Number of protein chains: 2
Amino acid sequence: MNVRTLCLGILAFDEASGYEIKKAVEDGMFSHFIEASYGSIYPALTQMLADGLVSVREQAQEGKPLKKAYSITEAGRRALKNSLHELPQQDKFKSEFLFQALFRDQVDPQHLEAVFNGQMEYLCDELATIEECRQSLEPGSGHAFVNGYGHAVVSAAIQYMEESRSSLGLPRKPISSDAAE
Amino acid sequence: MNVRTLCLGILAFDEASGYEIKKAVEDGMFSHFIEASYGSIYPALTQMLADGLVSVREQAQEGKPLKKAYSITEAGRRALKNSLHELPQQDKFKSEFLFQALFRDQVDPQHLEAVFNGQMEYLCDELATIEECRQSLEPGSGHAFVNGYGHAVVSAAIQYMEESRSSLGLPRKPISSDAAE
DNA sequence: GACGTAGTATATCAAATTGATATATAGCAA
DNA sequence: TTGCTATATATCAATTTGATATACTACGTC
C-alpha cells in the first residue's frame, strides 16, 4: 500500500490539508500504525488531484499561509474501495530500541538507562494518545477495534518493560516525574 | 540507523553472507523488530568492505554458488559501539491490516474474515518463531529481554484478536485447521 | 525425462520513501 | 530583537524497497 491510498483513507473521514494529514499520522488517530512524511504526502496529493481522486478548496487564511483543503471524490472512494479489497501486506515493525537492547552488555549503564527511560516515555505517550481517542469511538466500529488493538499491544509492552527493570540491572522506577510535567 | 549498522550488529554475533543476513531479518532471531532487503544489504556489505569495517572469506561450495562469508573487523566493532551510543530513533510500526480494519464497514464480510484470519496466522507464526528461540537464551541477556518483549506484545495482540471476533461479526474460531497443517 | 517449484546465493535498478531543508507568517517569551 | 513554536507548502539528495535476473542443486510429479 502506497502513500496515495493512505491519504485517500484519511480523506475518506474528513477533508484535510497535507499538513493535517502529516499531523494525523504523527500524533493523531493514525499515529500508532501508519508512517508517512511530507516528501511523500505532498506529491501524492498533487498526483491524485491530477488523476481526479481528490479535489482542492484553497482557503486564504488571515495571517497564515494559504491552506489547501483536499476532499476525496467519488472516483477516489472507488479507488480506495479497490485498495481495501487487496490482501494487506504483513505488518512491519522496526525498533532501534530493541536493536540496542540486544547489545546491552556493550553500552554504558547510564546510556542503557537513558534509552530505557526514553522508550518508557514514548510508550506512555502512545498509550495516552490512544486513551484520549477512546471515549469518542462507537463500540463495534473499525476505529474502536484498531484503538483497542493499539491499547492491548502498548499496555503489554509497558508492563513487560516495568517487569524487566531489575533483570536489566536498572534502578527502581524513577519516582514518576511525569506527574510533574 | 541505517542498514550498514544493522548488518554490523548481526555480524557481531557471527560471520554471515548477505543471504544469511536477509534470512535473519526475515525469519530468524531479528525478524520481529528489523526490516531490510537485498537491495540495501548487498551494497551495505560492499561499502563496509571498502571502509574496512568487515572482511570477506570466499567459500567455493560444491554444487552451490560462491558464498561470501563476511566477518566484522576491529574497526567495525568500534563503529558499531559508536552507533550503539546514539539515541535510538522512535519505533516504527506500519500495519496495513489495521488500516483496512478501520474501514471494516466498507469491505465484504468474506474479505474481512480472510484478512482477519491472515493476521491471526501471521501473529501465530511470529509467536512460534519467538518461542523456538526462547530456550537457547541465557536469562538476563539482551537476547532474552528482546525475546520477552516480542513475546509479550505478540501474545497481547493474539489475545485481543481472539476476544474481538464476535464484536467484528466473525464466526467462532475456525476449529484450528493449523493443527492439521 | 522433462517440467515446475523451492532453496541457496549474489547482484542490480527503477520507483517509492525518508529526512532534512527552504520559505513565509504569526505569536509568544526572554 | 532574537529565538522558539506553530501553521503551511514544497523540494530533493540519499536511502530503501520490491521486483527482477542469473545460476546451480534437489526434489517431486506427470
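The values are calculated or read from the model by the stated rules, or taken from the named source; none is laboratory data. All of these numbers come straight from a predicted model, not from anything done at the bench. Every residue, glycine as well, gets a Cβ built from its backbone with ideal geometry; the counts of neighbours run over all protein chains shown. Ligands, DNA and RNA are excluded from the accessible area calculation, which covers all protein heavy atoms including side chains. Shrake-Rupley method; radii C 1.70, N 1.55, O 1.52, S 1.80 Å.
Summary table
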read-out: Test: residue in the range B:111-124 that is buried (at least 16 other Cβ atoms within 10 Å of the Cβ), touching a His at 6+ places or on another chain (Cβ under 7 Å) and of a type in the set (Phe, Trp, Tyr); value: no
read-out: Residues (of a type outside the set (Lys, Arg), touching a residue at least 40 places away in the same chain (Cβ under 8 Å) and under 18 Å from A:Gly142 (Cα atoms)) located in the range B:102-128; value: B:Pro109, B:Leu112, B:Glu113, B:Phe116, B:Asn117, B:Gln119, B:Met120
read-out: Residue pairs meeting the criteria (Cβ under 8 Å; at least 6 apart or on separate chains; first basic (Lys, Arg), in the range B:69-85; second surrounded by 15 or more Cβ atoms within 10 Å (Cβ to Cβ)); value: B:Arg77/B:Ala12; B:Lys81/A:Gln106; B:Lys81/A:Val107
read-out: Single condition B:Thr73 does not satisfy, out of (1) open to solvent by 40 Å² or more (accessible area, probe 1.4 Å); (2) away from DNA strand C (no atom under 15 Å from the Cβ); (3) more than 12 Å from chain A (Cβ to nearest Cβ); value: (1)
read-out: Residue within the range A:89-110 that is part of a helix (DSSP H, G or I) and in contact with a strand residue (DSSP E or B) (Cβ under 6 Å, 6 or more places away or on another chain) present; value: no
read-out: Which listed residue, of B:Lys92, B:Lys81, is closer than 22 Å to A:Asp91 by Cα and modelled with pLDDT of 95 or more; value: B:Lys92
read-out: Some residue of the range B:128-136 being closer than 19 Å to A:Tyr149 by Cβ, out of contact with any Phe, Trp or Tyr (no Cβ under 9 Å at 6 or more places or on another chain) and open to solvent by less than 20 Å² (accessible area, probe 1.4 Å); value: yes
read-out: Residues being open to solvent by 30 Å² or more (accessible area, probe 1.4 Å) and either within 13 Å of DNA strand C (Cβ to nearest atom) or within 10 Å of chain B (Cβ to nearest Cβ) (or both) - total across the range A:23-57; value: 12
read-out: Contacts under 6 angstrom Cβ, first residue in the range B:24-51 being closer than 13 Å to B:Cys7 by Cα, partner open to solvent by 60 Å² or more (accessible area, probe 1.4 Å) and of a type in the set (D, E, K, R), 6 or more apart; value: B:Glu35/A:Lys92; B:Glu35/A:Lys94; B:Ala44/B:Arg4; B:Met48/B:Arg4
read-out: Which listed residue is more than 14 Å from the chain's Cα centre (by Cα), more than 7 Å from chain B (Cβ to nearest Cβ), assigned to a helix (DSSP H, G or I) and modelled with pLDDT under 95, from A:Glu126, A:Glu121, A:Glu138, A:Glu162; value: A:Glu121
read-out: Residue, most open to solvent (accessible area, probe 1.4 Å), within the range A:1-16, restricted to residues that are in contact with a Leu (Cβ under 9 Å, 6 or more places away or on another chain) and more than 12 Å from chain B (Cβ to nearest Cβ); value: A:Arg4
read-out: Count of residues meeting criterion [of a type in the set (S, T, N, Q) and more than 24 Å from A:Gly118 (Cβ to Cβ)] in the range B:74-109; value: 2
read-out: Residue in the range B:81-96 that is open to solvent by less than 70 Å² (accessible area, probe 1.4 Å) and in contact with a Leu (Cβ under 6 Å, 6 or more places away or on another chain) present; value: no
read-out: Given (1) modelled with pLDDT of 95 or more; (2) more than 21 Å from A:Ser31 (Cα to Cα); (3) surrounded by 15 or more Cβ atoms within 10 Å (Cβ to Cβ), index of the condition B:Val107 fails; value: (1)
